[in-house]
Amino acid sequence: MTTLLLPKGKRAGLRQQIASEFTKLRSVRSSWVCLVLMVVLSIGFSILFPAIIANGWSTRSPAERINFDPVSVTQFGIIFGQLVIAVFAILAITPEFSNGSIRSTLAAQPRRSDVIAAKAIVLAVTTFVVTEICSFAAFFVGRAVLLAFGGHAVAGELTLAQQLKATAAPVLSLGAPGVLQAVFGGGLYLTLIALIALGLGILLRSTPGSISLFVALLLIIPGVFQALPHSISHLVEPRLPSNLGAAMTSVHVRSTDFGGQLLSPWLAVGLMVLYGVLLVGLGLWRFSRRDA
Amino acid sequence: MALIADGFWRGFAKEACWYPRPRDEAPAVIEVRHLTKDYGTTRAVDDLSFNVEPGVVTGFLGPNGSGKSTTLRMILGLDRPSNGTVTLDGRPYHELRWPLREVGALIEAKAVHPGRSARTHLWALAQTNSIPKSRVEEVLEIVGLSAVAKRKVGKFSLGMSQRLGIATALLGDPGVLLFDEPVNGLDPEGILWVRTLLRTLADEGRTIFFSSHLMSEMAQTASNLVVIGRGRLLAETSVENFIASNAERTVRVSSARAGELAQLLRQANASVREVDGALEVSGLEAPAIGETALAAGIALSELTPQSASLEEVFMELTSESSEFSTTRPEGTQQ
């Protein structure tokens, strides 16, 4: 028998909503499927790609050698995993719209900004913890694989000329300049991807719609920009999320797949934060004005 | 402080339980003023004003598509009115400090993530208003879902979902309860259970506002009525008054000398129709008809006052305001 005494505190607020959103996030199977898949992808690719590259180093073209990055080669799973994290984030919001439970949520907490803030915080913290573990695990596994397949440990980042002439894939340790930051960047990038996807989910309200748009932003739009004149594509391409991710997980400033130049890691972080804040903000603005 | 009688829980709960209601303020009243909702060019709710009185069951009646659900969503602050206001105890919904502890609502039974268990669904909502976990078990017990609390809600029948929706509404032990079509999808036993529950909750001094398109449901459960059609207020009254003031009362009269009697009654300004070999008289009460017959020396074999059922009154009142009324055959009276 419970007597419902009025609780301490002024009103139902963000703290209570965060507890609720955390319960919701971990009580559906899709969340677990996504996060386990994320771990499998990040570790799996941190074995696959370093093995291939270190093994065939002598047969690599000069361009491939120059573009080799001892950290980002271990983080391919992180970059592929962005789709998984996007689905994870989208599924934290859109089912509430499609099954109507958003109305129960809002009847319990009518301040919509608290609902969105709690979702964003719970999602960001969960994603951050899991994906940082992934990116560090991927780095250590990937580094071990590079060494096992003929990579040579070097003390610090090689110049591009040195890298071109190297007889084996250069391998950096976590303590080398710029490495910790790039590994940390992997989890941070995915956390910001989660916020971008959450923003899309709030705006579009539909699961397939949000996932489609995210895939379009990530995979199709880069191709479109490639077709545009270089003056435009070189400006836009490095600022697309996937290339910002590459920039955040690299120790080198490298070129993009289509020949542009990656931004510096800090600029990349700044732009990703801007995208995330912009989309979640836009979502909240729309959400606050619409009928639930 | 009102207690729920032990007897009520028998059959629903393994152990009898009661809830003290530590509430010193007067029960809330819902005030709807000039509420209007437009969807594009369609006006779903049209300048609707009414009160929901404290401590009674008020029925919210209207045909399908008449704007009941839209109105309930606006009361809960889910939909933004195009015009007008709704207040609960003088405040708009979003100003409630602990919404679930003040207002409980059943909006849509199936509006739950299908992959979540009933228990986690309730627990997630309980957390938003700092409601303890023990209360989740209690409401599961009250609605009879304890045995299936771990099962995924997606596998629930409509009746079970409806019970879960009611559990959601009861979670914060609120003083005001809103139910949108609470008996939908329930079997006769479940319907009886909801009726008893609504009355018990009202007896405890709670304000209850529930919608239905079924008139018979209202006659059984509600004491006050708000009737709408095409988003407009048609009546706001007690169930008794509603029937009394809207029904044309008739008296059924049988006699071997019906034709003669009919003439006499018409002379007394009554209107008389012949129905199934008997007379249906309106405009004259049964005692007056009896006296007329006696004065003329006509023996009556039947003299029965007919009271219209709520259903008939409702059909009468809403027939012209029904959004989806069927086309009437030609020649019949509109």
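Read-outs throughout are calculated quantities, based only on the coordinates presented, and are distinct from any laboratory measurement. Computed from a predicted model, the values in this text were never measured in an experiment. Cβ placement follows ideal geometry from the backbone for every residue including glycine, while neighbour counts extend to all protein chains displayed.
Remarks
- Equivalent-ellipsoid semi-axes of the stretch A:1-146, from the Cα gyration tensor, Å, largest first: 43, 14, 12
- Charge dipole magnitude, Cβ of K and R +1, D and E -1 - the stretch A:90-249, Cα centre, debye nearest 20: 260 debye
- Derived scalar couplings between HN and Hα for the stretch B:125-131 equal 6, 4, 4, 5, 10, 6, 8 Hz in order, rounded to whole Hz, by the Karplus curve 6.51 cos²θ - 1.76 cosθ + 1.60 (θ = phi - 60°), x for Gly and Pro.
- Put simply, the convex hull of the Cα atoms in the protein assembly as shown casts, on average, a shadow of 38.2 nm².
- Number of partner chain Cβ atoms within 10 Å, mean per residue of A:10-16: 5
- When the stretch A:14-288 is reduced to its Cα atoms, the Kirkwood hydrodynamic radius in Å: 19.4 Å
- If the chain linking B:S49 and B:T304 were pulled fully straight, counting 0.36 nm for each residue of separation and taking away their Cα-Cα distance, it would gain 87.9 nm.
- Per-residue mean of foreign Cβ neighbours for A:108-121 is 3 (Cβ atoms of other chains, 10 Å radius).
- Ranking of A:I202, A:I52, B:I142 by count of other Cβ atoms within 10 Å, fewest first: A:I52, B:I142, A:I202
- In terms of other Cβ atoms within 10 Å, A:L147, A:L278, A:L262, A:L123 run from fewest to most in the order A:L278, A:L147, A:L262, A:L123.
- According to the calculation over all Cα-Cα pairs in the stretch B:62-214, the P(r) per 10 Å bin from zero is 11, 40, 38, 10, 0 %.
- Dipole axis of the stretch A:14-288 (+1 Lys, Arg; -1 Asp, Glu on Cβ), positive-most option in A:V236, A:I43, A:A86: A:A86
- The calculated 222 nm mean residue ellipticity attributable to helices in chain A amounts to -21500 deg cm²/dmol, summing -39500 (n - 2.57) over DSSP H runs of n ≥ 4 and dividing by all residues.
- Proximal charge balance of B:L171 [Cβ under 10 Å; K/R count +1, D/E count -1]: 0
- Overall, the protein assembly as shown carries a charge dipole of about 2820 debye about its Cα centre when +1 sits on the Cβ of Lys and Arg and -1 on the Cβ of Asp and Glu, all other atoms neutral.
- Charge dipole magnitude, Cβ of K and R +1, D and E -1 - chain A, Cα centre, debye nearest 20: 1060 debye
- Average beta-carbon neighbours from other chains, 10 Å sphere, peptide A:92-101: 4
- Computed packing ranks the peptides A:203-211, B:162-170 as B:162-170, A:203-211, most packed first, by mean other Cβ atoms within 10 Å.
- Overall Cα dimensions of the stretch A:137-283, principal axis frame, Å, largest first: 50, 36, 25
- Taking the average, over residues, of other Cβ atoms within 10 Å as the packing measure, peptides A:222-230, B:174-182, A:190-198 rank A:190-198, B:174-182, A:222-230 from highest down.
- Cα-based Rg of the stretch B:185-246 normalised by 2.2 N^0.38 Å, two decimals: 1.19
- Positive-end ranking of A:G175, B:V153, A:V71 along the dipole of the protein assembly as shown, with charges on Cβ about the Cα centre, is headed by A:G175.
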